[in-house]
1. Could you grab the pairs with beta carbons closer than 8 Å, sequence gap of 6+ or different chains, first residue in region 52-69 and of a type in the set (S, T, N, Q), second one outside any strand (DSSP E or B) and modelled with pLDDT under 95?
2. Which residues, counting only those in region 74-103, are touching a Phe, Trp or Tyr at 6+ places or on another chain (Cβ under 8 Å) and of a type in the set (D, E, K, R)?
3. In region 29-45, what count of residues is obtained for those that are charged (D, E, K, R) and outside any loop (DSSP other than H, G, I, E, B)?
4. Restricted to region 88-114, and to residues that are surrounded by 14 or more Cβ atoms within 10 Å (Cβ to Cβ) and at pLDDT 90 or above, which residue is farthest from the chain's Cα centre (by Cα)?
5. Could you give every pair whose Cβ atoms fall below 6 Å, whose first residue belongs to region 85-105 and is more than 19 Å from Asp53 (Cα to Cα), and whose second residue is modelled with pLDDT under 90 and part of a loop (DSSP other than H, G, I, E, B), counting only separations of at least 6 or pairs across chains?
6. Does any residue of region 56-69 turn out to be over 19 Å from Ser110 (Cα atoms), among the small types (Gly, Ala, Ser) and open to solvent by 30 Å² or more (accessible area, probe 1.4 Å)?
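The values are calculated or read from the model by the stated rules, or taken from the named source; none is laboratory data. Since the structure is predicted, the reported quantities are computational estimates derived from the model, not experimental observations. Backbone-built Cβ (ideal geometry, glycine too); neighbour counts: all protein chains shown. When the accessible area is computed, the model is the full protein with side chains, heavy atoms only, and any ligands, DNA or RNA have been set aside. Shrake-Rupley method; radii C 1.70, N 1.55, O 1.52, S 1.80 Å.
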Amino acid sequence: ASGNPRLSPRQSLQDLAKVKGGIFVKNGNQTTCGLGFIDNKAAFVSADCLDYDGQTVKMSTNYEVYVDSAFTGSSEHYSVTNVTVHPSYNPQTRANNIAILEFNDNANVSWYNYNAIAPSKWSTLVYVQRYLTDVSTATW
C-alpha cells in the first residue's frame, strides 16, 4: 500500500474538500441511505435500501444518485443504470447487506473518493448526514 495515493492519510482542508458525498433517491423521494462513493461512476449502498421483486432488485423503481462537491454547493445527479447486490445478502438477517450502484456510465473516471484512513491518524471523529432541501432542483 506504500505509495498508493488512495490509502495515504489526508488531513488538510483542501483534501477534505475533495471528498464527495451524496444522497440516494428512489422515485423522486430522498432516502436516509448513505452512499459510499468509489468514483464518479459507482457507489456502495446498503442492500436493504433497494426495492425487490422476490430476490431480484426491482429496476422499475427510479433509483438516482445525487452527488455534492464538498464546500462548493454544486451538485450532479444521475440515474442508476445497474445494481449489483452481494450474492450472499440475506434480507432476514441483513448479513452481507451491501450493493454497488452504477451510474454516469458514459463518463470517463474523473475522480475517486477516499473512503478510508488509518484510525491511528484520526484526531476527531465526525459523522455527516447529507440532506437535499429540494430534490427537484438538487438544492443542498
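1. Pairs found: Asn62/Gly28.
2. Scanning region 74-103 gives a single hit, Glu76.
3. Filtering region 29-45 for residues charged (D, E, K, R) gives 39, 41.
Okay, now just the ones that are also outside any loop (DSSP other than H, G, I, E, B), so 39.
Qualifying residue count, region 29-45: 1.
4. Tyr89
5. Asn104/Asn40; Asn104/Lys41
6. First, the residues of region 56-69 that are over 19 Å from Ser110 (Cα atoms): 56-64.
Okay, now just the ones that are also among the small types (Gly, Ala, Ser), so 60.
Remaining after also requiring open to solvent by 30 Å² or more (accessible area, probe 1.4 Å): 60.
Yes, because at least one residue in region 56-69 is over 19 Å from Ser110 (Cα atoms), among the small types (Gly, Ala, Ser) and open to solvent by 30 Å² or more (accessible area, probe 1.4 Å).
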